[in-house]
Amino acid sequence: MNWYVVYTKPKWEKKVADKLNGLGIECYCPLITQTKQWSDRKKKVEMPLFNSYVFVQLSDSERNQVFQVAGVVRYLFWLGKPAIVKDQEIEIIKKSLNAANICDISVSSIQVGDRIKLDSGAFSNQSAIVQEVSNNYYILVLEALGCVLKIKYK
């Protein structure tokens with residue numbers, strides 16, 4: 001069975017994952033905890049790591065079952081076929097999210113286009129390409145995961 005990427009309505013990721021689990025479809029919605037601030041309080045909330053995406057594991061013949069769930073829009077396609085995510089990539093995401101939080105990063109003389117290897121934090125041992133350097137953050141492209149990482153520093 002393959003892992004596929006389901007595109008959901010905005011802000012429906014957790015609801016879709018719950019409903020898919022209720023139907024007996026194995027799915028994974030990676031969540032991160034963020035502190036949100038309102039005018040009167042701060043609160044820790046779980047947010048999806050990937051906006052509007054949920055990963056589902058099922059056979060090719062069962063793929064239409066996901067459309068029974070409200071909030072599912074379509075599958076993500078790559079080169080005209082439904083995008084397939086490797087098991088090891090799902091495991092990398094799970095392992096990265098279970099790692100300790102990045103607490104402090106200080107880097108000097110990093111330039112756009114440099115290839116670096118992260119040696120600590122949630123994405124340790126991942127190689128990345130520096131896409132942007134600012135006064136208080138770096139933007140890195142993690143090719144193995146197919147995502148962009150923004151690291152803030154003080």
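Scanning residues 5 or more positions from S120 or on other chains, those with amide H under 5 Å from its amide H are N125, with H placed 1.01 Å from N in the peptide plane.
Can you give the local net charge around T8? Use residues other than it whose beta-carbon is closer than 10 angstrom to its beta-carbon, Lys and Arg +1, Asp and Glu -1.
With Lys, Arg at +1 and Asp, Glu at -1, the net is +4.
Within a straight-line Cα-Cα reach of under 24 Å, K14 can be paired with the following lysines, leaving aside sequence neighbours fewer than 8 residues apart in one chain: K36, K42, K43, K44, K86, K94, K95, K150. Derived value for the chain: Kirkwood hydrodynamic radius 17.4 Å. Basis is the mean of 1/r over every pair of different alpha-carbon atoms. For W3, the residues whose amide H sits under 5 Å from its own are V85, ignoring neighbours fewer than 5 places away on the same chain, with H placed 1.01 Å from N.
Each stretch of four or more DSSP H residues adds -39500 (n - 2.57); spread over every residue of the chain, this sum gives -4500 deg cm²/dmol at 222 nm. The long axis of helix 13-22 is offset from the longest Cα principal axis of the chain by roughly 40 degrees.
Taking Q57, Q37, Q111 in turn, the Gaussian network model of the chain (Cα-Cα springs below 10 Å) assigns the largest fluctuation to Q37.
Bear in mind these aren't lab numbers, they're just calculated from the coordinates by the rules spelled out. The structure presented is a predicted model; accordingly, all values stated were derived computationally and were not measured. Using ideal geometry, Cβ is built from the backbone for each residue, glycine included, and neighbour counts are taken over all protein chains shown.
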